[in-house]
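This report concerns only the one structure given below.
The values are calculated or read from the model by the stated rules, or taken from the named source; none is laboratory data. None of the values given here were measured: they were computed from a predicted structure. Because the Cβ atoms are built from the backbone with ideal geometry, glycine has one as well, and the counts that use them run over all protein chains shown. The protein model used for the area step is the full one, side chains on, heavy atoms only, and it has no ligands, DNA or RNA in it. Shrake-Rupley method; radii C 1.70, N 1.55, O 1.52, S 1.80 Å.
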Amino acid sequence: MNTLVLRVLIFASIFVFFSNTNGYCQEKKNTNPNVLFIFTDDQRADAIGASGNTYIKTPNIDKLSQEGIRFDNAYVMGGNHGAVCAASRAMLMSGKSLFHVYDKLKGHTTMPMYFNQFGYESFGTGKWHNEAAVFEASFHKGKNVMTMGMADHFSVPVRDLDANGKLTDAVEKGFSTDLFADATIEYLNNYAKDKSEKPFFCYVAFNAPHDPRSPRVDYIGMYKNESIPLPGNFKPYHPFKFDDMNIRDETLGAWPRTPELINASLEDYYALISHMDGRIGDIIQTLKDNKLYDNTIIVFASDNGLGIGSHGLLGKQNLYEHSIKVPLIMCGPGINKNQESDALLYLYDLFPTLADLCKLPQPKNIDGENFTPLLKGKTITTRKSLYTAYRNTVRAVRTDEWKLIKYPNQNYQQLFNLVNDPLELNNLAELPENKNKVDELSKLMATWYVTSHDTANMAPEKILPMEYDYKTLKQKPDDKQPQYVLDKYFKGVDLKNIKKTSHD
């Protein structure tokens, strides 16, 4: 073999070696799927077209459902105070149940932190209703971050992650939905432009359709001529007292609730969602334009539901289905298309499930359960029941058919057959023929109480009255309500000391 041929063979061997190693000339390209997590605020499970709601227009969310799987029985476990969304987000991000994390994430490994450990690049935008320092520790990049529970949609204080990984001072900018969608689109375009070898974990937390019920101006009246029906379980007021009946969310409308109030609220609520749906469509199109869609797992979910007239309630501080059940849709590589599932799931099950889908080791010391096989069309054994809680005042347990709600301070309970009575209108707890079912579910609840490390006193010595006079409740806006809302929903209310902002 002559010297020239020998040199060629040696050079070729060296070239092959360096081309196949990830420790020298180049890093091996990561083929793990990307994650786009779209999280909304206060969106009922039935407030999307894919759920069978023929009045709301959500074509882009519905398309995600066609491209993947929609879950009919996804729940938030509850909340330890009126801002249920804070606890919901802490559970989601930590993979832990309510009594193991409550609403604080400090000291816990968040989902983006975990993905970062395995080579993911993380980006966050939108509402972060937990500690700001935990956002800084969780995400590599962030823009238009709202570190508070709510804001006037037209003037949102937002912060960015600077080069040192610290959030900047808040600056008030434009409409919340557009701020968060635009930040996401900018990130995805830059990611594609940079030709990053790392997969991304992109978290988009919209503040809509949380109140103020003030859609962007061009969406106001979108449903004005539509005949939106009242919720099937509409009531003028809740029939008994079980907690603070004048909590903030309930002060956004007068008592008794009227069909006109609820219809107007639904018009604005649906308009906020339809605007958000349009911007979700823009984000999805950005994925497609940058050839990222086919390798991206998309999750669409919300932190909790909302009353909006159901059972005479406006807020989420209760354990009825309309407030504790949430929408959940997943699509992407490896996920079956155009499917529905009635599996009983918690939002915090998404942590281990996404880790599995993205070929990561299962996280340790969490409460979430991996339901990946369901996404691939396989039959697996999932939970037979779910336990939910609100403060120390309400507890509930449900199976595939039955639901028991207990109000320990009032020594009162409700039993519903969710198959025959999904709107929870007929309390069957007092019927003699249901005594065995009540006993069975009470024992199940007691088991959940122990295994969840619940701390509520379920047998208080002093029993509180259930009666209350709704006429003594006061309607009061907070300073986040823009002029549109004050004019529409607070006529005749004393608005002294309330900040007014005009966006007409």
Looking at P259, is it touching a residue at least 60 places away in the same chain (Cβ under 8 Å), open to solvent by 10 Å² or more (accessible area, probe 1.4 Å), farther than 22 Å from G49 by Cα and not charged (D, E, K, R)? no
Subset of the stretch 131-172, residues buried (at least 21 other Cβ atoms within 10 Å of the Cβ), of a type in the set (V, I, T) and in a loop (DSSP other than H, G, I, E, B), comes to V156
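Table: residues versus (1) surrounded by 15 or more Cβ atoms within 10 Å (Cβ to Cβ); (2) part of a loop (DSSP other than H, G, I, E, B).
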residue	(1), (2)
G174	yes, yes
S196	no, yes
F201	yes, no
P215	yes, yes
If you scan the stretch 429-465, which residues turn out to be aliphatic (A, V, I, L, M) and open to solvent by 40 Å² or more (accessible area, probe 1.4 Å)? L431, L444, A446, V450, M458, A459, I463, L464
Inspect all residues belonging to the stretch 227-247 and state whether any of them is more than 30 Å from Q414 (Cβ to Cβ) and surrounded by fewer than 18 Cβ atoms within 10 Å (Cβ to Cβ). yes
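The rows are residues; the columns are (1) over 26 Å from L464 (Cβ atoms); (2) out of contact with any Lys or Arg (no Cβ under 9 Å at 6 or more places or on another chain); (3) part of a loop (DSSP other than H, G, I, E, B).
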position	(1), (2), (3)
P361	yes, yes, yes
I366	yes, no, yes
N409	no, no, no
Q413	no, no, no
L425	no, yes, yes
N434	no, yes, no
L441	no, no, no
In the stretch 476-492, anything assigned to a loop (DSSP other than H, G, I, E, B) and surrounded by 17 or more Cβ atoms within 10 Å (Cβ to Cβ) is listed as P477, K480, Q481, P482, F490
If L464 satisfies all but one of (1) in contact with a helix residue (DSSP H, G or I) (Cβ under 6 Å, 6 or more places away or on another chain); (2) under 23 Å from D400 (Cα atoms), what's the number of the condition it fails? (2)
Considering every residue within the stretch 354-361, establish whether at least one is of a type outside the set (D, E, K, R) and over 25 Å from the mean Cα position of the chain (by Cα). no
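Looking only at residues in the stretch 69-121 that are in a loop (DSSP other than H, G, I, E, B) and under 21 Å from R383 (Cα atoms), which one is most open to solvent (accessible area, probe 1.4 Å)? Give the derivation first.
In the first step, residues of the stretch 69-121 are kept if they are in a loop (DSSP other than H, G, I, E, B); the result is 76-77, 80-83, 95-97, 102-110, 118-120.
Narrowing further to those that are under 21 Å from R383 (Cα atoms): 76-77, 95-97.
Working: V76: 3, M77: 4, G95: 0, K96: 46, S97: 7 Å².
Among residues in the stretch 69-121 that are in a loop (DSSP other than H, G, I, E, B) and under 21 Å from R383 (Cα atoms), the one most open to solvent (accessible area, probe 1.4 Å) is K96.
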Out of all the residues in the stretch 259-279, is one or more closer than 24 Å to G79 by Cβ, modelled with pLDDT of 95 or more and outside any helix (DSSP H, G or I)? no
